[in-house]
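Heads up, the thing below is written out as structure tokens.
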């Protein structure tokens with residue numbers, strides 16, 4: 001009984017201290033990914049800020065490639081500028097495979113349809129303003 005009471009007190013204290021702000025600033029972003037190869041692995045979508053661009057994402061989701069388009073909902077931690085990257089993990093090995101030149105050998109996409117030119121696009125080319133619930137489309141190539 002003491003353990004339950006202590007746990008409840010801790011949860012209450014955290015709720016009071018956080019004052020609900022942990023979730024209040026989140027902004028939903030629905031990302032539709034087109035040109036998916038149906039039934040071939042998963043589509044992985046990642047949200048980045050400028051400091052994490054193409055490193056460790058702020059948040060990511062994966063979804064089975066059940067059709068030629070799939071949609072995921074990402075929750076940005078706060079309003080701001082973010083970039084999106086997606087790829088279809090066709091062989092289901094959990095990573096983006098590359099050819100001998102280092103170019104992706106699995107379909108990829110970036111927000112704003114930012115293109116790869118001898119390397120990944122710059123954050124500035126892929127950046128989106130996310131300040132209210134919104135939708136965007138990425139097209140795998």
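Only the coordinates and a few stated rules stand behind these numbers; no lab work does. Please read these numbers as outputs of a predicted model, since none were measured by experiment. When we count neighbours, we look across all protein chains shown, and the Cβ atoms used for this are built from the backbone with ideal geometry, even at glycine.
Quick notes
- Label-to-label distance for residue 137 and residue 95 is 3.4 nm, based on points extended 7 Å past Cα in the beta-carbon direction.
- Sorting 91-104, 125-138, 74-87 by average packing, meaning the other beta carbons within 10 Å per residue, from highest down gives 74-87, 125-138, 91-104.
- If you sort the three axes of the alpha carbon gyration tensor as a ≥ b ≥ c, you get a/c of 1.5 or more for segment 24-139 and a/b no higher than b/c, which makes it oblate.
- Approximate spin-label separation residue 125-residue 51, in nm, with each point projected 7 Å along Cα-to-Cβ: 2.5 nm
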